[in-house]
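Undergrad: One structure is given below, represented as structure tokens, and several questions about it will come after.
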Amino acid sequence: MRLIANSLVTTSLVVVAALATEPVRAADLNAISAVDAVTVYPDGASVTRVIQLDLPAGDTTMVARDFPLTLDASSLRVEGEAGAKLTIGAIDARPPRAAPPVNLSDLDKRIETLKDQRTDLGGAIAAAAARRKFAERFAEASPAGIGDKGEARPIAEWRAAFAAVSEEVAAADAAIRDAERKQREIDREIVRLESDRTIKPPNKLEVRIDLAAAAATRTTLRVTYAVRNARWTPLYDARLDTGARDRKPALELVRRAEITQTTGEDWSNVALDVSTVRTAHGGSAPDLNSLIVQYPQAPRRQAGAGLVDGVSPRSMSAPLFESLPFAKRADEQEAVMEVGGFQTTFRIPGRVSVGASEGAKSLRISTAAIAPDLLIRSVPVLDSTAFLEASFRQSEDAPLLPGRVAIYRDGMFVGRGKVAAASKDETVRLGFGADDKIKIERAVIKRNAGSAGMIVTTSKTDERSFKTVVRTGMISRSGSQSRTSCRSAKTKKFRSRCCHRPRSRPQPMCATGAGCWSGHSRRSLAKSGTLRSAGACAGPRTRASS
């Protein structure tokens, strides 16, 4: 007996020693996170979630199952603070395992019962259909009009027979309709139960963080990650006041940020920033490879391109706004600009909500008051319309990013355009629609065509002279510019030459002419173009355009 007791004690000691040497596995602690701050880039976003939990002493694995599937797992970063010493270990992101429903057996029994009920209803429908068929056959085959001895039956018996047949058919039809309605309800319930029975794929990501606390404490963790399905696009509102005799022209340029995101998570009541950093470009410049450069022809600009047909609503006009009975004009909230060495960040004041896949949200981020230079620009070879153009020097530290611009002239919406990228001290040009007070006419006043050579044509010459007449009815003085498409070029076969002969002494002009004109003035420009071809030419005719 003593020998058996000694062996049991030895075995117990070995088991205890084995358990003592085995590492203790950290316990899982479920947590819920909430989006607290978002920084949106032109090609992505950085999201920060906050997790607050009570940690026990020792090793713990925090598990949060509410992260979006579209996050970049390699960008996960964790930081936080606690009341005791806290060590953050490994960070793991994985899709949660799809677990079958807990009440799977109950769902199977319910589906089986509904299928039995549907089968019973099918039998009731078949019985009612046979009943109706029997009544219809009885009405067709029974000699209701002849008695036992061949005499005619009374009218009352006929009516009783008709009523009996109709009642049987109506009762059978009612039973069939009622059973079919019950079958449809059972089918819908079966589809719902089978959907609940199916193992659904996860729509959220599971993030696991290993934590080690020296003592039980309250902990706040901030988890930051990057997502690609979010962006912001710069938008602009350009409002031009063309001025008067006693007022200089003024331009108000409003920056806006249009934010869209399809990350699968809602950004509700978050601190929102928009930054000019382009995260998708990487950190290094690309390698330069050999390229073959070709120069395609520039597309012809259509007349009135970029303008909106129709009349803008009167609510956008300045006189109507001034007639409103409000004492003060409502101001739109703007962001706070922070300019760094390599980026600009606009911090939106307050808390903002941006839903996933709910369209774009436009936020005003800055406003600039500018004193522009006005210019009338026209390309009569393509379109005789004169367009008003405002130019200014970009004086803000934050660069202008390329984007769409809504154009307003004297309080009226005149169309949409595009703003090119511009850094500080660069010149920006914006078109503000057609100017109906200026009329431009262009006509060919002279053309000479000839060839040289005795028997074989060795060269051809085509010379044209054009006249451009500009009439203006503007009261104020403004600059003007006329562009032509005649260019000097030399090849092996063709040579072209443009000669511009202005007919106004004070303002000599070449390819483009600019000057300040007074109201109700008239000015004409004359120029000529020559195209010559050397060698035999039997192909199609070549025409010079200017």
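Each reported figure results from applying straightforward, stated rules to the coordinates on display, with no laboratory input. Note that the coordinates shown come from a computational prediction; the quantities given were computed from them, not determined experimentally. Don't worry about glycine lacking a Cβ; one is built from the backbone with ideal geometry, like all the others, and counts go over all protein chains shown.
Undergrad: 7 Å from Cα along Cα→Cβ at both E441 and R177: what's the point-to-point distance in nm?
TA: So the two model labels end up 8.2 nm from each other.
Undergrad: Let me ask something else. Thinking of segment 382-463 as a set of Cα atoms, what percent of all their pairs are more than 21 Å apart?
TA: Numbers: 1892 of 3321 pairs.
It works out to 57 percent of all Cα pairs.
Undergrad: Gain in length, E332 to K418, computed as 0.36 nm per residue apart minus the alpha-carbon separation, to one decimal in nm?
TA: Stretched fully, the E332-K418 segment lengthens by 28.6 nm.
Undergrad: Can I ask one more? Using each residue's phi in segment 402-418, evaluate 6.51 cos²θ - 1.76 cosθ + 1.60 at θ = phi - 60° and report the 3J(HN,Hα) Karplus result to the nearest Hz, with x for Gly and Pro.
TA: x, x, 7, 9, 8, 9, 10, 10, 6, x, 10, 6, 10, x, 10, x, 9
Undergrad: Same structure again: Can you tell me how much longer the chain between K85 and A129 gets when fully stretched, taken as 0.36 nm per residue apart minus their C-alpha distance, in nm with one decimal?
TA: 7.8 nm
Undergrad: Once amide H atoms are placed 1.01 Å from N in the peptide plane, what residues at a sequence separation of 5 or more from R409, or on another chain, have their amide H within under 5 Å of its amide H?
TA: L240, V414
Undergrad: Return the equivalent ellipsoid semi-axes of segment 159-232 as a descending list in whole Å, where each equals the square root of 5 times an eigenvalue of the C-alpha gyration tensor.
TA: Each semi-axis is √(5λ); the values are 67, 17, 10 Å.
Undergrad: Round to the nearest 0.05 the FRET efficiency obtained for L104 and R184 when R0 = 22 Å and r is the Cβ-Cβ distance.
TA: Efficiency, rounded to the nearest 0.05: 0.25.
Undergrad: So between R393 and R228, what do we pick up on full extension, going 0.36 nm a residue minus the alpha carbon distance?
TA: Extending this stretch completely gives an extra 56.0 nm.
Undergrad: So if we plug the beta-carbon distance of A215 and S353 into 1/(1 + (r/R0)^6) with R0 = 45 Å, what FRET efficiency do we get, rounded to 0.05? Write out the running numbers ahead of the final one.
TA: Values: r = 38 Å, r/R0 = 0.84.
E(calc), rounded to 0.05, equals 0.75.
Undergrad: To continue, here is another question. Would you mind ranking W267, W232 by Cβ crowding within 10 Å, fewest neighbours first? Spell out each step's value before the answer.
TA: On the way: W267 25, W232 29.
So the ranking, lowest neighbour count to highest, is W267, W232.
Undergrad: Kindly provide the GluC sites (Glu not before Pro) of segment 330-377 that DSSP labels as loop, not H, G, I, E or B, and whose Cβ sees at most 14 other Cβ atoms within 10 Å. Could the numbers behind the result be given before it?
TA: Numbers: sites: E332, E334, E338, E358; in loops: E332, E334, E358.
Hits after loop and neighbour filter: E332, E358.
Undergrad: While we're on this one: Taking 45 Å as R0, compute the FRET efficiency from the Cβ-Cβ separation of R208 and Q297 and round it to 0.05. Please list the in-between numbers first.
TA: On the way: r = 59 Å, r/R0 = 1.32.
For R0 = 45 Å, the calculated efficiency reads 0.15.
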